[in-house]
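Here, each number is a calculation from the coordinates, and none is a lab measurement. What you see is a predicted model; the values in this text were computed from it and never measured. Positions of Cβ are backbone-derived with ideal geometry, glycine not excepted, and every protein chain shown enters the neighbour counts.
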Amino acid sequence: MLPEERLRGVFLQKLKGKFAIEKALSSVGIDMSIEIVANVVDRGNLSGEAMVTLFNWAIREPNVLKDVSSYYVILRALGRRKFFDRMIDVLRGMVCEGVDVDLECLSIGMDSFVKAHYVRKAVELFEESEDFGVRCSTECLNVLLRCLCERSHVTAANSVFNGKRGKIEFDCCTYNVMISGWSKLGEVEEMEKVMKEMLESGIGPNCLSFSYLIEGLGRAGRVNDSVEVFDSIKGKGCVPDASVYNAMICNFMFARDFDEAVKYYRRMLEEECEPDLDTYSKLVSGLIKGRKVADALEMFGEMLSRGIVPTTGLVTSFLKPLCSCGPPHAAMVIYQKARKAGCRISQSAYKLLLYRLSRFGKCECCACNGRSHTQRILPKPPCL
């Protein structure tokens, strides 16, 4: 039985009293670590009280540090399970225990509230930040705005933004967060309004500002306008970086103008702007969706040749559409190249690939891939 399962089993005994529970936890005889604590609280169905009891016991163990990074684990777990009262109690307990609450702690709390659509609670936590020893600063405001904008609560973010004007100093990041929020909604007028205010405050837009503006124009269907913005960037004293080129590539992929998207990629290389993982993610995904499979494989090969290794999730996202229709050749090419590059393949990716191979009667390939994945337990491909 895994250590986390043994610890969870203690709480299934319905023991009465904190002393009895902690005694039972100690009797399990596990060399505790913060990773084991994370495995216990992140999975299963422990109550908020049980999660906090386990954590408070664990941080008294010799191998678990009683520092702010350990508290991140319990705060995230409580926030994810919507045990908000317990989460706030832990924050207050940190102050009493002399553990410095930092901006990351508040960020976890605010994002948990926003994710659950408790926007007012997130704003209240920001307003009370000084009670936890965190200054209500520009950086703290930026964290709140980012949480709101990333979760599509842009109107609420705009209200906070307007309410804090003149009370808290805005920086380039503040304006960029707001531009990014409106960009996701394709609200061009609002983006331009924030950009204008940014210039009036004496802060010049950077590449990130222009990338959000370009993406927003693309979402609004104004690709030609985004080209004009791109062409004007150098004249405004800003050399386009990967984020700007990625925005242009994304716009043309969305418009299904694949040749133009690849053209901007080639232009990027000519300008000696180094592409990143996001560049290839947009290119390969877009080309696969556009049924330009040969071009997608070529681009995937270029990515690996530059030493950029895709994440496990990204490889799965490439394989999923390739395994949904047509022969499995392209999916096998990506799988083999990814493995050769040292990328870890997910269990779901193996299932997709094995199922597709079995559909085409590639039994030998199925067996080979099954042997290469001996450390995972997979269902047998369906018999057809």
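Worth a mention:
- Count of the stretch 118-155 residues which are touching a Lys or Arg at 6+ places or on another chain (Cβ under 8 Å) and assigned to a loop (DSSP other than H, G, I, E, B): 2
- Ser180 passes every criterion in (1) of a type in the set (S, T, N, Q); (2) over 23 Å from Ser112 (Cβ atoms); (3) surrounded by 19 or more Cβ atoms within 10 Å (Cβ to Cβ) apart from (2).
- Glu130 vs. criteria closer than 29 Å to Met94 by Cα and not aromatic (Phe, Trp, Tyr): yes
- Any hit, the stretch 136-155, residues being farther than 29 Å from Val68 by Cα and buried (at least 16 other Cβ atoms within 10 Å of the Cβ): yes
- Applying a threshold of 7 Å to beta carbon distances and a minimum spacing of six or more residues, or different chains, the list of pairs starting in the stretch 45-70 at a residue that is farther than 21 Å from Leu103 by Cβ and ending at one that is acidic (Asp, Glu) reads Trp57/Glu22; Asn63/Asp31.
- Residue match in the stretch 167-180 (condition: charged (D, E, K, R) and assigned to a helix (DSSP H, G or I)): no
- Listing of helices (runs of 4 or more DSSP H) fully contained in the stretch 251-339 that carry 3 or more residues being among the acidic types (Asp, Glu): 258-270, 293-305
- Under the condition of being over 22 Å from Leu144 (Cα atoms) and either small (Gly, Ala, Ser) or free of Cβ contacts under 8 Å to residues at least 12 places away in the same chain (or both), the residues counted in the stretch 197-221 number 7.
- Glu124 being within 25 Å of the chain's Cα centre (by Cα), over 22 Å from Val41 (Cα atoms) and of a type in the set (Asp, Glu): yes
- Whichever residue in the stretch 274-303 is more than 22 Å from the chain's Cα centre (by Cα) and aliphatic (A, V, I, L, M) and, among such residues, is nearest to Arg339 (Cα to Cα): Leu297
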